[in-house]
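See structure below.
The values are calculated or read from the model by the stated rules, or taken from the named source; none is laboratory data. All values derive from a computational prediction rather than experimental measurement. Cβ sites come from the backbone with ideal geometry, for glycine too, and all protein chains shown count toward neighbours.
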Amino acid sequence: MSATTSIEVQPEAYCLMFLHACKYPARAVNGLLLGTAAGDSVKVQKALPLFHSSFALSPMLETALMLADEHCKSSGKLQVVGYYQANELCDDLELGPFGKKIAQKIRSVCPLAACLLIDGARMQPTAREPGLLPLDADGKRSAAALSLPDAAAVQRLDAYLQHGGQHLLVDFDAHLDDATKDWLGNSALLSSA
Amino acid sequence: MSALAEAEAACAPYGNEPSRCGFELSRSLLLAVRESRAHRPDLVLKFGQYLLRSHAGRLGAEVWAMYEQVYIALLHYGRRPRAAGSGAEEPSEEMRLASEYYSLLAARFPDSMRVKRLEGMMWEAKGEYDMAMADYDEILEEEPNNLAALKRQVALLRARGKPAEAAKRLAAHLEVVGSDADGWLQLCDLYLSQAQYQRAKFCMEELLLLNPMAYIHHLRYAEILLTLGGIDKGGNADLVRTARKYFAHSLDLKPRGNLRALYGLLLCCAAAPKGQKTAAEVEELGACAQKKLLEEYGEAKATSMLDTVKAMSTALLS
């Protein structure tokens, strides 16, 4: 399995991952990373928040993966290039059996795929400490170089949190309960800044 | 619109600033959070502290419930991750205020088990899990059926990364109090987190018996069955068929806005073995689920999802 050597996370994707974890502080959350992969580098442009309920059930997960694929096809430029997860317990830095399975599934399609774990103990990220851990598909710390979002991204995250932006975020779980909620674009959140 | 969403909307024109919202709005907002049992410590802290500071007298007897509510929110903010706490740090401002509120409550209700539980929660927030456990044990010795204390213990074990032990304790409780629906749901969750699908399935069966009209239980049950019978578990036609029945029944109980059931039906129809004598019916059901999904998105005016779902379901059913 080839390991990614560099991962670049763009500000919008970075903010969405953290806001997802902030919206459900007591739960494990996960999602997909969309962007482009070329050579040995992955560029993450967008995050698609998926679940804040159980990761153990496959039907809605499969549905979400298929929908994300179609979404990428219709956008033309994007593909699924990664997976992110934040665990229920803040000092738990393991991907866990379900997370590993999802990450492997994504890597079977995109071998370069990034796998990022949000470090629950460092939920006040700074530009130097972004609070993200890149992992291998088998859950070990990866040697991949994570190119950090700059200070502006962290500032943007702070600005969202200031006005309670996390409550506007919509993941696939929330979308399943209300079809009007836009989980693909998260327009309510992104237009609030 | 829920009472909480209504109360939040009422505060929005005042910039969500408690002092501009005033006593009545702030109070009804916190009441809505309490009654909906929503997890919104951010609101509780902001509006509750304003009420306790400026209007404690006007709250009357409600003031004690308010102290309790704000106290729990303070603990939520004051808690530190274990990794960061070296032990000798200054207590945070939140924890200091929480102690103050605790003293007020303990002085007013000296022998209350409810206040004892609050003390346990303070230990939890400080990371002193054994002290917390001892407090809850003490309550349970006095009142063996104190549900709140029992559930704190289960939550505590879970927070310490011991889901198996948490499940054991909860299962022992449910053996006695089989009608505790919240308990079964929590136990189902615990089993799922450990990939014990058969046990999780049993919990859902109990819930189906307790409340046969709840679409959400049928849905969850079907999701467990389909996970068990799914492709990556080898594929089991019987389980897929049973899952299909429960998805369909869930849809029957909640025909509108039940996207999970519709997607579930699509997956079941796609996973059904080809060339059986029911193939035509399965195909019809799949097409029906697809049509209903597109109707839902049409009504929701979710145009980007409409095209995505059309492509996805067509690929799935072909």
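Residues A:L117, A:L157: which one is more than 14 Å from chain B (Cβ to nearest Cβ), under 20 Å from A:A26 (Cα atoms), in contact (Cβ under 8 Å) with a residue 24 or more places away in the chain and out of contact with any strand residue (DSSP E or B) (no Cβ under 6 Å at 6 or more places or on another chain)?
Details: A:L117 fails: out of contact with any strand residue (DSSP E or B) (no Cβ under 6 Å at 6 or more places or on another chain).
Selected residue: A:L157, the only one of A:L117, A:L157 that is more than 14 Å from chain B (Cβ to nearest Cβ), under 20 Å from A:A26 (Cα atoms), in contact (Cβ under 8 Å) with a residue 24 or more places away in the chain and out of contact with any strand residue (DSSP E or B) (no Cβ under 6 Å at 6 or more places or on another chain).
Got at least one residue in the stretch A:75-87 being modelled with pLDDT under 85, surrounded by fewer than 21 Cβ atoms within 10 Å (Cβ to Cβ) and not small (G, A, S)?
Checking the stretch A:75-87: not a single residue is modelled with pLDDT under 85, surrounded by fewer than 21 Cβ atoms within 10 Å (Cβ to Cβ) and not small (G, A, S).
Among the acidic types (D, E), more than 21 Å from A:C22 (Cα to Cα) and modelled with pLDDT of 90 or more: is that true of B:E62 in this structure?
Criteria met by B:E62.
Quick one: in the stretch A:149-172, which of the residues that are surrounded by fewer than 21 Cβ atoms within 10 Å (Cβ to Cβ) and of a type in the set (D, E) is nearest to B:G264 (Cα to Cα)?
A:D158
Considering only the stretch B:227-244, how many residues are closer than 26 Å to B:A311 by Cα, over 23 Å from the mean Cα position of the chain (by Cα), within 10 Å of another protein chain (Cβ to nearest Cβ) and part of a helix (DSSP H, G or I)?
3
So which of A:H163, A:H167 ends up being under 30 Å from B:Y14 (Cβ atoms), touching a residue at least 24 places away in the same chain (Cβ under 8 Å) and out of contact with any helix residue (DSSP H, G or I) (no Cβ under 8 Å at 6 or more places or on another chain)? Full working, then the answer.
Numbers: A:H167 fails: out of contact with any helix residue (DSSP H, G or I) (no Cβ under 8 Å at 6 or more places or on another chain).
Going through A:H163, A:H167 in turn, just one is under 30 Å from B:Y14 (Cβ atoms), touching a residue at least 24 places away in the same chain (Cβ under 8 Å) and out of contact with any helix residue (DSSP H, G or I) (no Cβ under 8 Å at 6 or more places or on another chain): A:H163.
Out of A:L112, A:L146, A:L116, which single residue is modelled with pLDDT under 90, under 16 Å from the mean Cα position of the chain (by Cα) and not in a loop (DSSP other than H, G, I, E, B)?
Working: A:L112 fails: not in a loop (DSSP other than H, G, I, E, B); A:L116 fails: modelled with pLDDT under 90.
When all the criteria are applied, what remains is A:L146.
Would you pick out the residues in the stretch B:31-47 that are in contact with a helix residue (DSSP H, G or I) (Cβ under 7 Å, 6 or more places away or on another chain), over 21 Å from A:L161 (Cα atoms) and surrounded by 14 or more Cβ atoms within 10 Å (Cβ to Cβ)?
The first filter runs over the stretch B:31-47 and keeps only residues in contact with a helix residue (DSSP H, G or I) (Cβ under 7 Å, 6 or more places away or on another chain), leaving B:32-36, B:38, B:40-41, B:43-47.
This time we only want the ones that are over 21 Å from A:L161 (Cα atoms), so: B:32, B:34-36.
Those that are in contact with a helix residue (DSSP H, G or I) (Cβ under 7 Å, 6 or more places away or on another chain), over 21 Å from A:L161 (Cα atoms) and surrounded by 14 or more Cβ atoms within 10 Å (Cβ to Cβ): B:A32, B:R34, B:S36.
Please enumerate the residues belonging to the stretch B:245-275 that are part of a helix (DSSP H, G or I), within 11 Å of another protein chain (Cβ to nearest Cβ) and among the basic types (K, R).
Narrowing the stretch B:245-275 to residues part of a helix (DSSP H, G or I): B:245-253, B:259-271.
Then keep just the ones that are within 11 Å of another protein chain (Cβ to nearest Cβ); that gives B:247, B:259-268, B:270-271.
Hit for the stretch B:245-275 is B:R260, nothing else.
For the stretch A:26-48, state whether one or more residues are in contact with a strand residue (DSSP E or B) (Cβ under 9 Å, 6 or more places away or on another chain), in a helix (DSSP H, G or I) and farther than 17 Å from A:C115 by Cβ.
Looking for residues that are in contact with a strand residue (DSSP E or B) (Cβ under 9 Å, 6 or more places away or on another chain), in a helix (DSSP H, G or I) and farther than 17 Å from A:C115 by Cβ, one finds none in the stretch A:26-48, hence no.
Report the residue count in the stretch B:195-218 for those that are under 24 Å from B:L147 (Cα atoms) and of a type in the set (S, T, N, Q).
Within the stretch B:195-218, residues that are under 24 Å from B:L147 (Cα atoms) and of a type in the set (S, T, N, Q) number 1.
What is the number of the single condition among (1) buried (at least 24 other Cβ atoms within 10 Å of the Cβ); (2) within 10 Å of another protein chain (Cβ to nearest Cβ) that A:S53 does not meet?
All conditions are met except number (1).
Looking at the stretch A:53-71, can you tell me whether even one residue there is among the aromatic types (F, W, Y) and outside any strand (DSSP E or B)?
From the stretch A:53-71, those among the aromatic types (F, W, Y) are A:55; that's our starting set.
Filter again for outside any strand (DSSP E or B), leaving A:55.
Yes; the residues of the stretch A:53-71 include at least one that is among the aromatic types (F, W, Y) and outside any strand (DSSP E or B).
Report whether or not B:E24 is within 26 Å of B:A107 (Cα to Cα), surrounded by fewer than 17 Cβ atoms within 10 Å (Cβ to Cβ), of a type in the set (D, E, K, R) and modelled with pLDDT of 90 or more.
On the way: within 26 Å of B:A107 (Cα to Cα): no; surrounded by fewer than 17 Cβ atoms within 10 Å (Cβ to Cβ): yes; of a type in the set (D, E, K, R): yes; modelled with pLDDT of 90 or more: yes.
For B:E24, the condition - within 26 Å of B:A107 (Cα to Cα), surrounded by fewer than 17 Cβ atoms within 10 Å (Cβ to Cβ), of a type in the set (D, E, K, R) and modelled with pLDDT of 90 or more - is not met.
Go through (1) surrounded by fewer than 16 Cβ atoms within 10 Å (Cβ to Cβ); (2) in contact (Cβ under 8 Å) with a residue 24 or more places away in the chain; (3) over 23 Å from the mean Cα position of the chain (by Cα) for B:A65 and report which single condition fails.
(3)
Residues in the stretch B:292-317 that are closer than 18 Å to A:S187 by Cα, at the interface with chain A (Cβ under 7 Å from one of its Cβ atoms) and assigned to a helix (DSSP H, G or I): how many?
5
Considering (1) at pLDDT 90 or above; (2) within 15 Å of the chain's Cα centre (by Cα), say which one A:L133 fails and leave the rest.
Single failed check for A:L133: (1).
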